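The values are calculated or read from the model by the stated rules, or taken from the named source; none is laboratory data. All figures in this text were calculated on a predicted structure; none of them were measured in a lab. Here the Cβ positions follow ideal geometry from the backbone for every residue, glycine too, while neighbour counts run over all protein chains shown.
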Amino acid sequence: MSEPDGPPAGAVPVLEKPAPDHAPEPAAAPAEHRFWSARRAPAAVVAALLLVVAGAFLYDIAEVRAHRPAMAWRRALARQLAERPLDDVWVLVGAGVAAALGLWLIVLAVTPGLRHVLPMSRPHPDVRAGLHRDAAGLVLRDRAMEIAGVQSARVRVRRRRADVRAVCHFRDLDDVHEDLDTVLTDAIRGLGLARPPRLSVHVRRPGKKG
């Protein structure tokens, strides 16, 4: 009995799609930058000062336009600016204060601020998260206290480094130091930070400062 040449009735044909020569590469994760601060307090202070100064000058100009004498403070200021030489102490002090204030505003404008927030890696481009330094330090401290022999631990997390100072009341210091390096390195990796800080561990006995 000969076999049928074609597919059985009711069968669905399956088309095999050839695999592409080059698989598409995954999209690169966006670069992580620090969070920018709104700086509401400096902006409010500058806006309030400008409002007061501009309002005072506009009011005085309106008084002069209404054929009334200028305010005493503006006449005194104009006289002082006309009579005092440029090398006068108060002129130099005022210029230094104005330059320092301007430099401070420029620094605020070009720096991101929010140094206490560490940017985290972004598995999704539409989601961005940050971790507070104190929260990261608390996690590392809890992990350090789980190490046998650690009596107390103090952790300070910075942008580029995490300083851990532990007090060991038993076990060899080198063994505790090695355990802390291993556990805390894994803990820092688990924080999911975009730029994990470098770990620095110091272990000492109780009563000794180091």
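Once region 120-154 is narrowed to residues that are more than 17 Å from LEU193 (Cα to Cα) and assigned to a strand (DSSP E or B), the residue that is nearest to the chain's Cα centre (by Cα) is ARG154.
When THR182 is tested against (1) over 23 Å from HIS33 (Cβ atoms); (2) among the β-branched types (Val, Ile, Thr); (3) touching a residue at least 12 places away in the same chain (Cβ under 8 Å), only condition (3) is not met. Determine if region 40-56 includes at least one residue that is in contact (Cβ under 8 Å) with a residue 40 or more places away in the chain and either surrounded by 10 or more Cβ atoms within 10 Å (Cβ to Cβ) or out of contact with any strand residue (DSSP E or B) (no Cβ under 8 Å at 6 or more places or on another chain) (or both). Checked region 40-56: at least one residue is in contact (Cβ under 8 Å) with a residue 40 or more places away in the chain and either surrounded by 10 or more Cβ atoms within 10 Å (Cβ to Cβ) or out of contact with any strand residue (DSSP E or B) (no Cβ under 8 Å at 6 or more places or on another chain) (or both). Selection of first residues in region 147-160 that are in contact (Cβ under 8 Å) with a residue 24 or more places away in the chain and of second residues that are in a strand (DSSP E or B) and surrounded by fewer than 21 Cβ atoms within 10 Å (Cβ to Cβ), restricted to Cβ pairs under 6 Å at least 6 apart or on distinct chains, gives the following pairs, ordered by first then second residue: GLN151/VAL167. The numbered conditions (1) at pLDDT below 85; (2) among the hydrophobic types (A, V, I, L, M, F, W, C); (3) closer than 30 Å to HIS33 by Cβ are all true for ALA70 except (3).
Looking only at region 168-210, residues that are in contact with a His (Cβ under 8 Å, 6 or more places away or on another chain) and aliphatic (A, V, I, L, M) come to 2 in all. Scanning region 113-132 for residues that are at pLDDT below 85 and surrounded by 17 or more Cβ atoms within 10 Å (Cβ to Cβ) gives no hits. Collect the residues in region 59-88 that are exposed (fewer than 12 other Cβ atoms within 10 Å of the Cβ) and either in contact with a Cys (Cβ under 6 Å, 6 or more places away or on another chain) or among the small types (Gly, Ala, Ser) (or both), keeping them in residue-number order. The answer is ALA62, ALA66, ALA72, ALA76, ALA78, ALA82. Looking only at residues in region 133-156 that are crowded, with 17+ Cβ neighbours inside 10 Å and not small (Gly, Ala, Ser), the one that is modelled with the lowest pLDDT is ARG133. The number of residues in region 155-173 being acidic (Asp, Glu) and under 25 Å from the mean Cα position of the chain (by Cα) comes to 1. Given the condition buried (at least 16 other Cβ atoms within 10 Å of the Cβ) and part of a helix (DSSP H, G or I), answer yes or no: does some residue in region 163-176 qualify? Yes: region 163-176 contains one or more residues that are buried (at least 16 other Cβ atoms within 10 Å of the Cβ) and part of a helix (DSSP H, G or I).
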